[in-house]
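Asker: Right, I'll just put the structure down here and ask away after.
The values are calculated or read from the model by the stated rules, or taken from the named source; none is laboratory data. All values derive from a computational prediction rather than experimental measurement. Methodologically, a virtual Cβ is constructed for each residue, glycine included, from the backbone with ideal geometry; neighbour enumeration extends over all protein chains shown.
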């Protein structure tokens with residue numbers, strides 16, 4: 001199969017009271033053998049954290065962990081001594097490597113926090129843990145897929161230990177979005193954060209996604225004003241491509 005459609009309603013759902021989460025892939029109590037990830041992409045959670053609640057200190061290792069707030073702010077603390085807030089319009093990335101402990105809290109007494117939690121399998125194990133945070137510049141993403149994560153260090157992106165790139169695009173209706181060219185062995189995973197698009201003769205709307213493994217597709221038709229997250233990553237997580 002050259003591509004797979006992931007419908008919003010087929011995602012897993014968990015409700016812990018303080019946390020409501022939609023899981024694109026198997027996670028926690030949600031298990032679907034047909035939804036075990038897409039190449040190096042292992043976790044894509046759509047989380048809502050209630051006021052005054054959050055994730056207590058917990059460990060990770062050997063994973064690239066990316067958080068993108070969509071509404072509100074998260075307070076972050078970790079075992080490397082980092083402490084601060086991740087706001088809407090910013091992105092955070094951690095290389096868990098040999099091991100890290102961290103916590104994330106919604107310190108607001110009245111507002112929800114909505115954020116994307118993304119885990120990517122690294123191509124190098126047991127690296128020294130690291131933390132990075134960056135503001136997203138809206139002008140780089142207007143009618144364009146602007147990179148926010150990349151395999152190499154740059155002024156406009158955060159780098160991770162994987163040959164993977166994440167792009168964010170905000171598109172006006174009736175535009176054609178150009179997908180950046182990818183090398184062999186790299187797949188495209190598009191998540192519609194909001195809006196409506198057409199790709200490979202399929203219509204995708206809010207929180208629908210498509211994973212493309214083999215296709216010369218180079219553009220997406222924007223049917224309504226849309227925000228899209230594009231991930232380009234190895235289909236083989238341990239590939240050196």
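Asker: Going by the conditions given, is residue 164 farther than 25 Å from residue 83 by Cα and touching a helix residue (DSSP H, G or I) at 6+ places or on another chain (Cβ under 9 Å)?
Answerer: no
Asker: Continuing with the same structure: Sort through 68, 100 and tell me the only one that's buried (at least 20 other Cβ atoms within 10 Å of the Cβ), more than 21 Å from residue 148 (Cα to Cα) and either free of Cβ contacts under 8 Å to residues at least 12 places away in the same chain or in contact with a strand residue (DSSP E or B) (Cβ under 6 Å, 6 or more places away or on another chain) (or both). First the steps, then the outcome.
Answerer: On the way: 68 fails: more than 21 Å from residue 148 (Cα to Cα).
None of the other options fit; the residue is 100.
Conditions tested, residue by residue: (1) out of contact with any helix residue (DSSP H, G or I) (no Cβ under 8 Å at 6 or more places or on another chain); (2) modelled with pLDDT under 95; (3) not in a loop (DSSP other than H, G, I, E, B).
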| position | (1), (2), (3) |
| --- | --- |
| 4 | yes, yes, yes |
| 9 | yes, no, yes |
| 13 | yes, no, yes |
| 25 | yes, no, no |
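Asker: Another one. Looking at the range 113-138, which of its residues are under 19 Å from the mean Cα position of the chain (by Cα), in contact (Cβ under 8 Å) with a residue 60 or more places away in the chain and in a loop (DSSP other than H, G, I, E, B)?
Answerer: Of everything in the range 113-138, those that are under 19 Å from the mean Cα position of the chain (by Cα), in contact (Cβ under 8 Å) with a residue 60 or more places away in the chain and in a loop (DSSP other than H, G, I, E, B) turn out to be 121, 122, 123.
Asker: Could you please let me know if residue 191 is buried (at least 16 other Cβ atoms within 10 Å of the Cβ), within 17 Å of the chain's Cα centre (by Cα), under 18 Å from residue 11 (Cβ atoms) and in contact (Cβ under 8 Å) with a residue 24 or more places away in the chain? Explain how you work it out, then say what you get.
Answerer: Numbers: buried (at least 16 other Cβ atoms within 10 Å of the Cβ): yes; within 17 Å of the chain's Cα centre (by Cα): yes; under 18 Å from residue 11 (Cβ atoms): yes; in contact (Cβ under 8 Å) with a residue 24 or more places away in the chain: yes.
So residue 191 passes the test.
Asker: List the strands (runs of 3 or more DSSP E) that sit entirely inside the range 143-201 and contain at least 3 residues that are in contact with a strand residue (DSSP E or B) (Cβ under 7 Å, 6 or more places away or on another chain), under 24 Å from residue 115 (Cβ atoms) and modelled with pLDDT of 95 or more.
Answerer: 146-150, 165-171, 186-199
Asker: Among (1) surrounded by fewer than 18 Cβ atoms within 10 Å (Cβ to Cβ); (2) modelled with pLDDT of 95 or more, there is one condition residue 34 misses while meeting the rest; what is its number?
Answerer: If we test residue 34 against (1) surrounded by fewer than 18 Cβ atoms within 10 Å (Cβ to Cβ); (2) modelled with pLDDT of 95 or more, just (2) comes out false.
Asker: Residue 27 versus (1) crowded, with 18+ Cβ neighbours inside 10 Å; (2) in contact (Cβ under 8 Å) with a residue 60 or more places away in the chain: which is the lone unmet condition?
Answerer: (2)
Asker: Another question, then. Considering only residues that are within 19 Å of the chain's Cα centre (by Cα) and surrounded by fewer than 21 Cβ atoms within 10 Å (Cβ to Cβ), look in the range 197-207 and name the one that is nearest to residue 41 (Cα to Cα).
Answerer: Applying the filter and picking the extreme gives 207.
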